[in-house]
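For reference, the structure discussed in these notes is given below.
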Ligand code: HEC
């Protein structure tokens, strides 16, 4: 009996692990969609900082993927930059346009973005 319960428990854990994975996948897609809508004009679709609007900025954006590879970005710093912007630079705040959860998805997308796909 105890064994059956254990197996059932393990099975339900597996099911939930799969559901969790599926939702991560769709939040990454949503993060990508939001990134393209709000960020790519300056940062470029591959986040290299060469979006069409970057040329008009006094200080063009740096390559986000390079910053990520250098270990200079994490989830918290990204969400904060997105919501509050970076005062003194051309990076605007998004607290009025995206929710904290959406900022989290964008951050997650940037942390997982695969350069080879772009
Ligand atoms: C109007 C142009 C513009 C738009 C739109 C824009 N940014 Fe920026 N961003 C900048 C500039 C300019 C900087 C400052 C230079 C730098 O740090 O690379 C910057 C900096 C950053 C940085 C690196 C600095 C840090 O410490 O976090 C990140 C990450 C970033 N932006 C993410 C985003 C995201 C995500 C969006 C969309 C929600 C976005 N940006 C929209 C111009 C823009």
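General observations
- Within the stretch 28-37, the set of residues being at pLDDT below 95 and within 7 Å of the ligand (Cβ to nearest atom) is empty.
A quick yes/no check of all residues on (1) more than 11 Å from the chain's Cα centre (by Cα); (2) within 15 Å of residue 31 (Cα to Cα); (3) part of a loop (DSSP other than H, G, I, E, B):
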residue	(1), (2), (3)
54	yes, no, no
59	yes, no, yes
79	no, yes, no
97	yes, yes, yes
101	no, yes, no
104	no, yes, no
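- Criterion applied to 73, 67, 86 was being within 18 Å of residue 31 (Cα to Cα) and within 7 Å of the ligand (Cβ to nearest atom), and the one residue passing it is 73.
One line per residue, one yes/no per condition, for (1) modelled with pLDDT under 95; (2) within 13 Å of the chain's Cα centre (by Cα); (3) closer than 11 Å to residue 106 by Cβ:
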{"position": "26", "(1), (2), (3)": "yes, yes, no"}
{"position": "39", "(1), (2), (3)": "no, yes, yes"}
{"position": "44", "(1), (2), (3)": "no, no, no"}
{"position": "49", "(1), (2), (3)": "no, no, no"}
{"position": "73", "(1), (2), (3)": "no, yes, no"}
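- You will find that of 94, 109, the residue that is more than 8 Å from the ligand (Cβ to nearest atom) and within 16 Å of residue 40 (Cα to Cα) is 109 and no other.
The values are calculated or read from the model by the stated rules, or taken from the named source; none is laboratory data. Treat the numbers as computed from the prediction; the structure is a model and nothing was measured. Here Cβ is always computed from backbone atoms with ideal geometry, including for glycine, and neighbour counts include all displayed protein chains.
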